[in-house]
Amino acid sequence: MTEVVLRLARPTDAAAIQRIYGYYVENTAITCEVAIPSMADLTERIKKTQQRFPYLVAMLGDQVAGFAYVSPANPRYAYQWTVETSIYVDRDCRGKHVGTKLYDMLEKICRQMKVVNMTAHIVYPHDGQPDQHLTLASPKFHEAYGYKLAGRFYKNVYKFDKWYDMLWMEKSIAQHGAAPTPIVNFNKIKAQFFN
């Protein structure tokens, strides 16, 4: 079995990211986007994220098998210790530990960045029953990874002519101290993880 290798995303990965993400945009309710972002848009997203945060890709051989990144949960200063996670795995590479490797690395990096809370915003069937556009894989994955339910918004996502709920799940990866250390820019520590 080919080993999953992680590296930093490059602007040239935009085509592979578009291929992976495009499937989820067009066929699932996992993402709330309804149109596949352009190559230029995805390239800009990579660059913007990497100004402060990690944006990773997982390789299986010479193929991009998935990608993950964190972004601010909210841009206001007092939220700086909380990030939102995003992860997408090529549908043909599921079950090969791609998502686990990506999340393991994101969490290691976030600990070094002095992040305290990692959050995930997950579209969920309103009636709790999976359908042709949405499984329960994401909340189950996050729960197994130590995330806890923090809140549920009812019928606030509309896609494929159907209303879905939104779950907010969270995982604390550090103590909630009285004087938390300011967040460290990823670029100052990325050499610890990637050459």
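Can you find even one residue in the range 126-134 that is under 23 Å from Ile173 (Cα atoms) and of a type outside the set (Phe, Trp, Tyr)?
no
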Worksheet entry | Check on Asp127, surrounded by fewer than 14 Cβ atoms within 10 Å (Cβ to Cβ) and closer than 19 Å to Thr49 by Cα | no
Practice prompt. For residues that are open to solvent by less than 60 Å² (accessible area, probe 1.4 Å) and of a type in the set (Asp, Glu), scanning just the range 1-40, find the one that is nearest to Phe194 (Cα to Cα).
Written response: Asp13
Fill in: Subset of the range 165-183 (residues that are loosely packed, with under 14 Cβ neighbours inside 10 Å and aliphatic (A, V, I, L, M))
Ala178, Ala179
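Inside the range 39-63, can you point out the residues that are in a strand (DSSP E or B) and farther than 26 Å from Lys188 by Cβ?
Scanning the range 39-63 gives Leu60, Gln63.
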Discussion item. Among the residues of the range 150-164, are any crowded, with 17+ Cβ neighbours inside 10 Å, within 20 Å of Thr49 (Cβ to Cβ) and not charged (D, E, K, R)?
Written reply: no
Response to the item:
Requiring at least 3 residues that are within 28 Å of Arg7 (Cα to Cα) and either among the small types (Gly, Ala, Ser) or at pLDDT 95 or above (or both), the strands (runs of 3 or more DSSP E) wholly within the range 84-195 are 117-125, 162-172
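The values are calculated or read from the model by the stated rules, or taken from the named source; none is laboratory data. The shown structure was predicted, so the numbers you read here are calculated from the model rather than taken from an experiment. Here Cβ is always computed from backbone atoms with ideal geometry, including for glycine, and neighbour counts include all displayed protein chains. Side chains included, ligands, DNA and RNA excluded: accessible areas come from the protein's heavy atoms. Shrake-Rupley method; radii C 1.70, N 1.55, O 1.52, S 1.80 Å.
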